Every structure is written in structure tokens, then in C-alpha cells.
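Trainee: I have a structure I would like to understand better, so I am pasting it below and will then ask my questions one at a time.
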Amino acid sequence: MPFPDRFLWGAATSAFQIEGSPLADGAGPSIWQRFARTPGLTVGGETGDVACDHYRRMPEDVALMEALGLQAYRFSVNWGRVLPEGTGAVNGPGLDFYDRLVDALAEAGIEPMLTLYHWDLPAALDRRGGWLNRDVADWLADYARVVYDRLGDRVRHWITLNEPWVVMDGGYVRGGLAPGHRVHEEGAWAAHHLLLSHARATAALRAEGAESVGLAVNLEPKVAATDRPEDVAATARADAYMNRIFLDPVVHGRYPEALPEVFGASWPDLPLDDLDEIQTDTDFFGINYYTRAVCVDDPSDPPERARRVRQLRHLYTDMGWEVYAPAFRDLLVWVKDEYGDPAMYVTENGAAFPDPPQTIGGEVPDPMRIAYLHDHLLAVRDAIEAGADVRGYFAWSLFDNVEWSQGTTKRFGLVHVDFETLERTPKHSAAFYREVIDSNGGALDDAPRIPTTEAVTATATQTAASLQEAAESDDG
Ligand code: BGC
């Protein structure tokens, strides 16, 4: 069975991860610009000041996208370029950059999908409380209006927020990401305000005339490692905490039942009346999928108290994430069944693998990424066959880029970036993806399933490392 006729094939990036030049042309600093410049918070002290230098190389990057055969491109707008203080005065040159990008995409015949918020809150708004201040819902809505007024005539698909769960968990609960707080109760408030912001920004965009407004969530199927009641309960907690926390309120107008128990004494007295406003018709959900989690109960790891266990015979990516494509199909079907058969775009899917650090004779062979894409795209096709309304797929990521606090050490790109010279080299996976696009998925059936020597070697190295790590953690 082929992919649907107008299935959209694209690749995704985000502003902080590729643009660099964070303060150029009057932009205000973001929480990431501040966080990354604080010693010790990012691997190798990566600041994001240069990243892929996309801010200065945008025209050639769009030409590259065209050469790769992309039909669509998902990018995010850095809020502080447009509104240096987060609210109030608009910075023309910042908005001009995205205007030129959208024009360049149109010229290349590439459909844009625009994300308003991919984690880079203006630092000025963080000083006013950031996601802990209820006013953020109006700040996001006002910002949405400004961007829509300028780009709405050319951009059809709008995403309000990227992965609100990561904003909440990484930013406020566990603190590994900006703004780096570690207060569970703040996580619950941040989640509530993220939800309200999505609702208000959606209403604002609709009022301006937008017809396709969505929310991008990262979902991770949670599977109990055993049938012990403790593990089953831990798995349900992990599921409520990560997968249902945003979708349940938006679609069903309520928080998942298990959520107050997850937060325990840190669950605040949220103004639940807001749920009427939060429950909104969303034109589509963006689904970001990387892995699943096989869980056991672990009281020492709050708030959800569920630890993931490694699957010894499975492959893991450079992020330490299990490669498991069948869960992707099931996930898409779960969203369909649980949330009223919404339109979906896969807005991120991909893998960081230890690619060769340098190009080899001008090439970057990345057989593991090809295998990952192949198997995950087949999983998407299986989900469509089972009735899931999936309308497009965006590979994460177009480029090797700044993987947040991990700096440039994790390579997710279809295109290799040499971070010394900033030279771009499409990897073998980019050529593979092009064949998939050109054949609307048909090439997935011809793809050889026999792994190459490089793939086997890399897999063996990875597997040895996982076994070693598992042995060490068992010892501990
Ligand atoms: C984010 C990206 C990130 C990717 C890999 C997602 O959580 O939206 O910004 O680079 O996953 O970690």
C-alpha cells in the first residue's frame, strides 16, 4: 500500500539549534542563549553562538533542501528576534529574516510548517516569571498574532508549541534544560500555563484567519517490564506524566486521573476552570517519536517513579534511546483511538548515531540511520493502513545541530555539518530519503534489508557498549 496521495515529506529543525547569531540585528536574548553561556551547563561549553550558522547561510541552506527533494520544511521562529522583550516593540529586521526564509522556500517549491515556540523563551519574559506567570498565555498569543500578520499569507501550517512536556520536565522539574529549575510544583504550573498558552495562541491565530493550527507533542509508549502490580502502576504513572498530560486536557478537557498522584504533595491547586478554555479543537497534532520506554517501579526517581530498563538485545542510539519501530505504529493508532481520530503529522522522528566524524572521500555513510528511517517509515505506513490519519512526515533533523545541553556531540542530521568549517555534506541517508520522497514511499519496499559491513560493525560496537553499561549498572 502506498502513502496517501498528498502525503507531505519534509525535514525539521529549530531556531536555537541551527541559527547561531543569537543577538544579531536587534534580537533579544533567549533563556537558551543565557543558559548555554553559563559555565558547566552544556557539553563542551557549547553556546549556540554559531551553531550551523543558518542565520547567515539561509539562502544556500534552502537551495540544499531543494536539492535534497524536500517537499516541506518545519522550522521554528526565535521569539526574541521578533520581540526582543518578548512583548511590545517589534524588531523589524528579526521578522524580515523569517520573511526571507518563507519567500525562499516558496521559490524552491517547499511548503513551510512554522513552530512558534521551540523552547527559546525571551530572557526578558523569564525575568517576569516565564512559564510560571499566567500572563505567558497572552504573551504567546500576542506574539502569534505578530508573526501571523507578517507570514500568514504564505505559511499554511502553524504549530503553537513544540513538546510542552520537555519544557515542563527539562525546564522546571529536572532542570537539565533552560531555565534549569528543579521544583516539581513548578512543573505542574508550567504545564497548566503551556496548555492555556496553546489555547490562546490557537484562538488568536484562528481569529487572524489561520486554518491549520496544531500542537507538537513528544510521545513515548510506556510498557511495563513485568506484570508485577508495582511495575504496572509505575508504567501508568509514566504514561500520565508524559503522554496524557497535554493531550487529555486539550481533547477531553481534563487532566489524566493519575497525574495528581504522580506529583503527590507537589500537585498544586490549579484553577481547573481553565480546562473549558484549554479544551480546543486542534486542527492537527504533531507527533514526535524517538523511542519507547520499558518501565519498572523506582521510588527513587520522582515524580513518576518509573525507571526504564535496557533491552539487552536491542540497538540503542547515541542518545541512549532504544530503537524500536513497532511501537511507533502502535502509538499513532493509540492517538487515533484515544483522541478522536485527529489529523496528525509526524513532526519529528530520527536518530543520533556515531557517524564517521569526518567525511570519507566527500561522503558520509550512515547505514544505521537509513535502517532507522526505513523501519520507522514502514511503521508509519502500517499505522496509516490501520486507519491513522497521518498526513506527513518530517525527519529530525535536516542538519547535525546543537542538541541543546549536549552541544554538537549528537548527530541527528540527514546532512553532516563540519562544525569547524561549517561545510554541509548530505549523508547517505539524505540520498535514501530522497528516493523515498520521489517514490512517495515506494522505495521503502526495494530497500535492501541486508545490513552493510559498516552497519554491522557499528551495531556491534553499540551493543558491546550497552552490554557493558548494563553490566556496570547491575553491579552498582
Ligand atoms: C526536540 C528537538 C531535539 C530532538 C532530539 C526533540 O525532543 O524537539 O529539539 O533535538 O528531540 O533530542
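The values are calculated or read from the model by the stated rules, or taken from the named source; none is laboratory data. This one's a predicted model, so the numbers in the text were calculated from it and none came from an experiment. Neighbour counts run over all protein chains shown; Cβ positions are idealised from the backbone, glycine included. Remember, those area values only see protein heavy atoms, side chains included, never the ligands or the DNA or RNA. Shrake-Rupley method; radii C 1.70, N 1.55, O 1.52, S 1.80 Å.
Trainee: Out of residues 5 or more away from residue 286 or on other chains, whose amide H comes under 5 Å of its own, with H placed 1.01 Å from N in the peptide plane?
Mentor: Residues meeting the criterion, in which the H sits 1.01 Å from N, are 215, 216, 217, 345.
Trainee: Mind listing the phi-derived Karplus ³J(HN,Hα) values for region 211-216, rounded to whole Hz, using 6.51, -1.76 and 1.60 with θ = phi - 60°, and x for any glycine or proline?
Mentor: So the J values, rounded to whole Hz, are 10, 9, 10, x, 10, 9.
Trainee: Name the residues whose placed amide hydrogens come within less than 5 Å of the amide hydrogen of residue 258, ignoring near sequence neighbours (fewer than 5 apart) on the same chain.
Mentor: Amide H to amide H, under 5 Å and 5 or more residues apart or across chains, residue 258 pairs with nothing.
Trainee: Could I ask something else about it? One-quarter of the Cα convex hull surface for the chain, in nm²?
Mentor: 21.2 nm²
Trainee: What are the ³J(HN,Hα) couplings of region 329-337, residue after residue, when phi is run through the Karplus curve with 6.51, -1.76, 1.60 and θ = phi - 60°? Round to Hz, x for glycine and proline.
Mentor: 4, 5, 4, 5, 6, 4, 4, 4, 6
Trainee: Picking from 233, 267, 83, whose Cα lies most toward the positive end of the charge dipole for the chain (charges on Cβ: Lys, Arg +1; Asp, Glu -1)?
Mentor: Of the listed residues, the answer is 83.
Trainee: Label residue 63 and residue 330 with points 7 Å out from Cα along Cα→Cβ: what is the distance between them in nm?
Mentor: That separation, rounded to one decimal, is 4.7 nm.
Trainee: How big, on average over all directions, is the shadow cast by the Cα convex hull of region 109-225, in nm²?
Mentor: So the mean shadow area of the Cα hull is 8.9 nm².
Trainee: Between residue 83 and residues 5 or more places away or on another chain, which pairs have amide H atoms under 5 Å apart, with H built 1.01 Å from N, and which residues are they?
Mentor: HN-HN under 5 Å from residue 83: 91.
Trainee: List the GluC sites (Glu not before Pro) in region 209-277 that DSSP assigns to loop (not H, G, I, E or B) and whose Cβ has at most 13 other Cβ atoms within 10 Å. Which are they?
Mentor: 211, 257
Trainee: Related question: Once region 366-446 is represented by equal point scatterers at the alpha-carbon sites, with solvent omitted, what log10 I(q)/I(0) does the Debye formula produce at q = 0.11, 0.20 Å⁻¹?
Mentor: Once normalised to I(0) and log-transformed, intensities are -0.34, -0.92.
Trainee: Take the alpha carbon atoms of region 110-138, find their center, do the same for region 350-419, and report the distance between the two centers in whole angstrom.
Mentor: 27 Å
Trainee: Using a Förster radius of 51 Å, what is the FRET efficiency between residue 145 and residue 471 based on their Cβ-Cβ separation? Nearest 0.05, please.
Mentor: FRET efficiency, residue 145 to residue 471: 0.40.
Trainee: Can you quote the Å³ per residue value for the convex hull of the Cα atoms in region 1-60, rounded to an integer?
Mentor: 157 Å³
Trainee: Also: Give me the mean projected area, in nm² to one decimal, of the convex hull enclosing the Cα positions of region 186-256.
Mentor: It is 5.8 nm².
Trainee: To continue, here is another question. For region 48-115, what is the largest minus smallest coordinate of the Cα atoms on each principal axis, given in angstrom and ordered from greatest to least?
Mentor: Largest first, region 48-115 extends 39, 23, 17 Å along its Cα principal axes.
Trainee: For region 251-285 and region 53-93, what is the separation of their C-alpha centers, rounded to whole Å?
Mentor: 33 Å
Trainee: Here's something else I'd like to know. Looking at 113, 340, 39, which one has the Cα that reaches farthest to the positive end of the dipole of the chain (charges on Cβ: Lys, Arg +1; Asp, Glu -1)?
Mentor: 39
Trainee: Positive end of the dipole of the chain, charges at C-beta (+1 Lys, Arg; -1 Asp, Glu), about the Cα centre: which of 147, 421, 311 has its Cα farthest in that direction?
Mentor: Result: 421, furthest along the dipole toward the positive end.
Trainee: Evaluated at 20 °C with a viscosity of 1.002 mPa s, what Stokes-Einstein diffusion coefficient in µm²/s does region 172-321 have when Rh comes from the Kirkwood expression over alpha-carbon pairs?
Mentor: Estimated via Stokes-Einstein, D reaches 128 µm²/s.
Trainee: Out of all DSSP beta bridges with both ends in the chain, state the antiparallel percent to the nearest 5.
Mentor: The antiparallel fraction comes to roughly 20 percent.
Trainee: Lysines within cross-link reach of residue 222: Cα-Cα under 29 Å, excluding same-chain residues under 8 positions apart?
Mentor: Counting by Cα, and skipping residues close in sequence, residue 222 has these lysines nearby: 336, 410.
Trainee: Another question about this same structure. Once label points are set 7 Å from the Cα along Cα→Cβ at both residue 154 and residue 85, what is their separation, rounded to one decimal in nm?
Mentor: Placing both labels 7 Å beyond Cα along the Cβ direction yields 2.9 nm.
Trainee: Kindly provide the helix-only [θ] at 222 nm of the chain, computed as the sum of -39,500 (n - 2.57) over DSSP H runs of four or more divided by all residues, to the nearest 500 deg cm²/dmol?
Mentor: Counting only the DSSP helices, I get -11500 deg cm²/dmol.
Trainee: Quote to one decimal, in nm, the extra length available between residue 312 and residue 281 on full extension: 0.36 nm per residue of separation minus the C-alpha distance between them.
Mentor: That works out to 7.0 nm of additional length.
Trainee: Next up: Using a 1.4 angstrom probe on heavy atoms only, work out the carbon and sulfur share of the accessible area of the chain in %.
Mentor: 49 percent
Trainee: Return a whole-number percent for the relative contact order of the chain, with Cα pairs under 8 Å and 6 or more residues apart as the contact set.
Mentor: 17 percent
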